[in-house]
Amino acid sequence: MKVLKRISDFPKEQYIVLTTGFFDGVHFGHHKILNRIVELATAQNGISAVLTFWPHPRFVVNKQPEDLKLLTTLTEKEELIADQHIDYLIRIPFTHEFSQYSSYKFIQEILVEGLGVNKLVIGYDHHFGRNREGGFDYLRNNSFRFNFEVEEIPEQDIDNIAVSSTKIRTALSEGNIDTSFDYLGRPYSIRGKVVAGLKIGRKLGFPTANIEVAEQYKLIPADGIYAVLVSVNGNSYKGMIYIGPRPTLNGESRTIEVNIFDFDKDIYDREITVNFIRQIRKDSKFSDLNLLKEQLIKDRQEALKML
């Protein structure tokens, strides 16, 4: 997949099947759309393309953008879209000026003149343009003006519950890893650099790698202990991760610490990826470190069962 940052770099000589949206999480509902544009493009010997934006529109138009946490970083989103065999990803900056585009201006300047779209595929209830004024009905009623076909993907359900990035965020914020897995079709993951910690875990026989996630907008699951799979230098290891303020140590700031089972390599300053499999328990405070150690032994046993 080729990633373009300028619309002018996009080739327009072939049949173009395109979809547009933010695609946070690249979940099951998104897969349906992406698979469809690949199918349509292949049938016409054409090009499948995704038009997306960065940053998230709410970071630009909202007064309190810090309230929104995203399921995927920009890099993660691009990698996940590439996994769906898309030919081109066009990423344009979402600015205050762009937020004021009418639906007509967006379609005419970006989709028609800029990209030369032949067929547009959009998800259920997708809207665009200033105040979300454009949607499938608008496109269908005005298709004669734009000279391209439009197709809407029906609402995607899992157990009669519509898949959405918002519902996945809610599940993760509650520590509901099973639900997030069902919606995403894969384990939720975080990436970060291993940094120095207090080394309390080492004293307890459970050395941990403290993880620093650079992107402050990345959603971190609810406080607690989780069974995880950890990717280090391309290799996968079993482990358990703690997220929380370390109440037993009278901590205040939230930390992310992973105990990688049967692993003793120096990985300071290395980037690792943690895949969440299931929550073991909620965070809790212990009266002393001995009780904490006893619980960690139980947590490890439970994690190994889950993994």
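The values are calculated or read from the model by the stated rules, or taken from the named source; none is laboratory data. All figures in this text were calculated on a predicted structure; none of them were measured in a lab. Cβ sites come from the backbone with ideal geometry, for glycine too, and all protein chains shown count toward neighbours.
Tell me the strands (runs of 3 or more DSSP E) entirely within the range 182-266 that contain at least 1 residues that are in the same structural domain as residue 282 (by TED's automatic domain parsing), among the basic types (Lys, Arg) and surrounded by 14 or more Cβ atoms within 10 Å (Cβ to Cβ). So that I can check it myself, show each step before the final result.
Values: elements: 189-195, 209-212, 224-232, 235-244, 255-260.
Output list reads 189-195, 235-244.
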- If we keep only residues of the range 9-25 that are of a type in the set (A, V, I, L, M, F, W, C) and buried (at least 24 other Cβ atoms within 10 Å of the Cβ), then the residue farthest from the chain's Cα centre (by Cα) is 16
- Sole exception among (1) in contact with a Pro (Cβ under 8 Å, 6 or more places away or on another chain); (2) among the hydrophobic types (A, V, I, L, M, F, W, C); (3) within 19 Å of residue 173 (Cα to Cα) for residue 229, by number: (3)
- Query: Restricting attention to the range 234-250, and to residues there that are more than 15 Å from residue 189 (Cβ to Cβ) and in contact with a Gly (Cβ under 9 Å, 6 or more places away or on another chain), which single residue is modelled with the lowest pLDDT?
  - Reply: 245
- If we keep only residues of the range 267-293 that are modelled with pLDDT of 95 or more, outside any loop (DSSP other than H, G, I, E, B) and charged (D, E, K, R), then the residue surrounded by the fewest Cβ atoms within 10 Å (Cβ to Cβ) is 281
- Item | Options 191, 202: the member that is in contact with a Ser or Thr (Cβ under 9 Å, 6 or more places away or on another chain) and free of Cβ contacts under 8 Å to residues at least 40 places away in the same chain | 202
- Task: Determine whether residue 105 is charged (D, E, K, R) and either closer than 14 Å to residue 22 by Cα or crowded, with 16+ Cβ neighbours inside 10 Å (or both).
- Result: no
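Is it the case that the range 214-233 has a residue that's farther than 27 Å from residue 166 by Cβ and modelled with pLDDT under 95?
Restricting attention to the range 214-233, the residues satisfying the condition of being farther than 27 Å from residue 166 by Cβ are 230-233.
Next, only the ones that are modelled with pLDDT under 95 stay: 233.
Yes: the range 214-233 contains one or more residues that are farther than 27 Å from residue 166 by Cβ and modelled with pLDDT under 95.
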- Pairs returned, first residue in the range 39-57 that is without any contact (Cβ under 8 Å) to a residue 40 or more places away in the chain, second residue that is of a type in the set (Gly, Ala, Ser) and not in a loop (DSSP other than H, G, I, E, B), beta-carbon separation under 9 angstrom, 6 or more apart or interchain, are 39/48; 42/48
- Query: Would a scan of the range 70-86 turn up a residue that is of a type outside the set (S, T, N, Q), closer than 25 Å to residue 149 by Cβ and touching a strand residue (DSSP E or B) at 6+ places or on another chain (Cβ under 7 Å)?
  - Reply: yes
